[in-house]
Amino acid sequence: MSLKRRLLAPLQHLTAVIPAQRLPSWWPAAARTRSTAEKSLCDWTKYDIKNNFDELCRLTEAPRFSCLKCARCAHRAVNLCQPKARGPIKS
């Protein structure tokens, strides 16, 4: 294992916490280049939500699907990791 890999291994969990645009240039490219458009809403961090609020509103407008994993709603199934179509609400 290379020295760089041994040094980075304990820090891999930080990619979920630090937004991609703030990661240093030497960080593995796969963690830095994933945009919010490529993520399901379940994978968005609080920084993604704060910095892309307009996109979030557009994705969740008139929801037709709900996620079985986290109960988020979206207009398109591709924006959720475990989508299920919402049926009519029964009273």
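The values are calculated or read from the model by the stated rules, or taken from the named source; none is laboratory data. Fair warning: this is a prediction, and the values are worked out from it, not measured in the lab. A quick note on method: Cβ atoms are made from the backbone with ideal geometry, for glycine too, and the neighbour counts reach across all protein chains shown.
Against the numbered list (1) surrounded by 12 or more Cβ atoms within 10 Å (Cβ to Cβ); (2) in a helix (DSSP H, G or I), D54 comes up short only at (1).
Applying the set (1) among the basic types (K, R); (2) under 23 Å from R86 (Cβ atoms); (3) at pLDDT below 85 to K69 leaves exactly one unmet item: (3).
Taken over the range 57-91, the criterion of being among the aliphatic types (A, V, I, L, M) and not in a loop (DSSP other than H, G, I, E, B) is satisfied by L59, A74, A77, V78, A85. In the range 28-41, the qualifying residues are those that are at pLDDT below 85 and part of a helix (DSSP H, G or I), and the one that is surrounded by the most Cβ atoms within 10 Å (Cβ to Cβ) is T36.
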